[in-house]
C-alpha cells in the first residue's frame, strides 16, 4: 500500500510540474514576448512593402537624364474579399468587368491568402480617387512605388528599360525579388541594376475589421525603411546625343564618340531609336510590341551589336602594323595604276594615283597602296609559312580591340569578326595565301567591327598607341567611385613615333583639297579622319567616317556609320564634323547651321522587301490543260582557263 501511495503522489507531482510549465509559457507568450501576438494577428496585421526609388542618372555635366515619378499598385487578398460594388471599382481604376474577373482569377491562382498585384502603376490622380473609396472594397489595398521618367526622351537603347520580374529572374537572384517586383532588362538599367535598384522596406500595418489602415504596429518598431538606389553619373553629353539623334533621323546607322584621354563615351546613338518613356507605365507591353514590329529593328543596339566591315577606315591600322614591322617607312612609294593585282583578282581604286607614299596614300584612300603594305607584311622572310605570317598579323590587329569584345559596361556586346588562320584553312583548304585574303587590306572580306570598335580605333591613334576601356558610366554614388579597369591603359604594341606619319595622312584626308574627307572639315579646328565606303551585299553601300579632333591634345574620337548612304564623304563625314564642332565649341557656326538643318531632313532608308502577292486559287481556270514547259539541255562546254578578271572593291 505504501508503494501505491507513493506512486499516486509522484504522478500528481508530474502533472503539477507540466501544468506549471504550460502556465509559465502561456504567461510568457501573452505578457512578456509579443512576437506571438504579431503572428496571431496576421488577419489584421499585414506586411506592406515599400519600394525604393531607383537611382537617378545624370549626364557628364550634371543634368538629370533619368528620374522617378510616383505610381501606385492596387493589391488584392482574395480570401478577404467580400461582396462589394465591383462596377464602382472598375470605373475608378479604368478597367471593364471582363478585366476585373481576369485579374481576380490570376490573383486567386497565385495565392488566396497573400496580397498580389491586381492593377499596377495607377497614376496619382487615379490613386487620389481610389483612396477615398478604398474602405468600400474589402480585401483590396494599395502600395506605392516609382517608375522611370526620361525628360529628354532620347537614348532609348542606352538607358534600356525596367520590367516586371519573371520566375527566372526570381530564381537567379536568390529570392530577393517577389512577383510584381521590377528589374532592369536592357541597357544601363540592366547592367547597373544592383546599384540602381536600392533596398525595399517593410511596414507592418494594422487594419481594422473594415479594412481601414490603423497605422504601423508598435509605432514602427519592427518596420524597415526603403533605401534608394545609388545615383549614377553617365559619360554622355546629352547635347551632342540629342544632336546625333536628330541628324540620324530617318536614317539607319550609328554614332559613337569617345573622349580619348579617359575612354568615356560621349555619344551613343543607335538609329532608328525609340522614346524610352514608351517603355514605362501601364501601356509598356503594347508599346514594346509596336516598337518590336517596326522596320529596321529599333531595339537593336547598333553601337555594340551592329556588324559592319570597317572598309577604308581600317587602312591606318595596317599602315601602323607595317611601320612597326619595318616593312615600310613613311617615304616608301608604290605605284597605283588604278588598282592592285593580287593573283587573278584585281582590287580597283577610285583614282589612278601613280607614285604614292604613306601620307598621300591615306589622304587619297588608295587601295593599291594599302594592298602593297599588306603584301609586304604577309611575305616577310622571317616567317616560315603563310600561316605564321597571318597569325602574326592577326595578333597585332586584335591588340587594337578588333575581333573581341571591348567589355564596355553595356549588356550583349558583340565581338566582331576576325578569322583565324585555321578558319581560313577550313574554308579554302591548305592552299591559300595573302592574295586569297587581300580584301582584308582594305577592311573588307572576313572582317566585321562594331561602331564602338571603330571609334576606339580613333582613340588609339589620338593617344598614339593605347586606349582606356570605353565605358558609359563615369562614376557611381556620392563618393563618385570609378572602376579600376577604366583607368588602366591598354597598349597596342606600336611605338608612338609611328603614329605621326599616319596622323599626317589623316589630317591631309580632311584638310587638303585632294583629301576624301573634306566635308568633315571644321572651322578653326584641325580634324584628322578617314572615310570609308563599305560594300553591302544587301543593297547600297554604307557611308563610314572615323576621326578625332583637334589634332593636338584630342578631345573627341568619333565613328559614324550611315547604312545605304554611299560614299563616306557624303553623309558620315559631315555628320561627324557637326558632332565634333558642337562638343568642342558648344555651338554650330552660323555658316554651317543651314547644313545641319538640311542633314536632319534627309531620308536615307534601305529599300523594304516587296510583300509577297497571294494568288487567289479560285480565280484560276483549272479546266484548261496547260502544256508542260519546254526543257532545254545545255550542251557540255569545256571551261576556259582562268584569266585575270577584275574584282571591284571600293573604298
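A few notes on this one:
- Tabulated pairs, segment 183-197, first at positive phi, second part of a helix (DSSP H, G or I) and crowded, with 19+ Cβ neighbours inside 10 Å, C-beta under 9 angstrom, 6+ apart or interchain: 187/156; 187/157; 187/158; 187/159; 187/276
- Residues that are crowded, with 24+ Cβ neighbours inside 10 Å and not in a helix (DSSP H, G or I), drawn from segment 293-308: 301, 308
- Residue among 343, 311, 326 that is touching a strand residue (DSSP E or B) at 6+ places or on another chain (Cβ under 7 Å) and either under 30 Å from residue 410 (Cα atoms) or surrounded by fewer than 18 Cβ atoms within 10 Å (Cβ to Cβ) (or both): 311
- With respect to the conditions (1) in the same structural domain as residue 445 (by TED's automatic domain parsing); (2) in a loop (DSSP other than H, G, I, E, B); (3) farther than 18 Å from residue 443 by Cα, residue 324 lacks only one, and its number is (2).
- Every residue from segment 466-488 that is within 24 Å of residue 527 (Cβ to Cβ) and surrounded by fewer than 18 Cβ atoms within 10 Å (Cβ to Cβ): 466
- Selected residue (only one of 463, 456 is in the same structural domain as residue 259 (by TED's automatic domain parsing) and either closer than 18 Å to residue 302 by Cα or in contact with a helix residue (DSSP H, G or I) (Cβ under 6 Å, 6 or more places away or on another chain) (or both)): 456
- Evaluation of residue 319 against (1) over 16 Å from residue 440 (Cα atoms); (2) modelled with pLDDT of 95 or more; (3) surrounded by 21 or more Cβ atoms within 10 Å (Cβ to Cβ) (one fails), failing number: (1)
- Unmet requirement for residue 225, which otherwise passes all of (1) in contact with a helix residue (DSSP H, G or I) (Cβ under 6 Å, 6 or more places away or on another chain); (2) surrounded by fewer than 15 Cβ atoms within 10 Å (Cβ to Cβ): (1)
- Residue check, residue 588 touching a helix residue (DSSP H, G or I) at 6+ places or on another chain (Cβ under 6 Å), assigned by TED's automatic domain parsing to the domain that holds residue 511, under 19 Å from residue 521 (Cα atoms) and at pLDDT below 95: yes
- Residue 493 meets each of the listed conditions (1) at pLDDT 95 or above; (2) under 30 Å from residue 589 (Cβ atoms); (3) out of contact with any strand residue (DSSP E or B) (no Cβ under 9 Å at 6 or more places or on another chain) apart from (2).
- Scan of segment 359-390 for residues that are part of a loop (DSSP other than H, G, I, E, B) and touching a strand residue (DSSP E or B) at 6+ places or on another chain (Cβ under 6 Å), ordered by number: 366
- On the stretch given as segment 139-158, residues that are within 18 Å of residue 86 (Cβ to Cβ) and surrounded by 18 or more Cβ atoms within 10 Å (Cβ to Cβ) total 3.
- Strands (runs of 3 or more DSSP E) completely within segment 130-210 that count 3 or more residues being under 17 Å from residue 278 (Cβ atoms): 140-149, 162-164
- Taken over segment 100-129, the criterion of being under 19 Å from residue 179 (Cβ atoms), under 36 Å from the mean Cα position of the chain (by Cα) and assigned to a helix (DSSP H, G or I) is satisfied by 102, 103, 106, 107, 110.
- Some residue of segment 429-436 being in a strand (DSSP E or B) and touching a residue at least 60 places away in the same chain (Cβ under 8 Å): no
- When residue 161 is tested against (1) in contact with a strand residue (DSSP E or B) (Cβ under 9 Å, 6 or more places away or on another chain); (2) farther than 19 Å from residue 238 by Cβ, exactly one condition is not met: (2).
- Test: residue in segment 64-76 that is modelled with pLDDT of 75 or more and farther than 29 Å from residue 181 by Cα: no
- Filter pass, residue 387 being modelled with pLDDT under 95, assigned by TED's automatic domain parsing to the domain that holds residue 486 and more than 25 Å from residue 546 (Cβ to Cβ): yes
- Condition met for residue 56 (out of contact with any helix residue (DSSP H, G or I) (no Cβ under 7 Å at 6 or more places or on another chain), surrounded by 16 or more Cβ atoms within 10 Å (Cβ to Cβ) and farther than 29 Å from residue 199 by Cα): no
The values are calculated or read from the model by the stated rules, or taken from the named source; none is laboratory data. Computed from a predicted model, the values in this text were never measured in an experiment. All Cβ positions, even for glycine, are placed from backbone atoms using ideal geometry, and neighbour counts span all protein chains on display.
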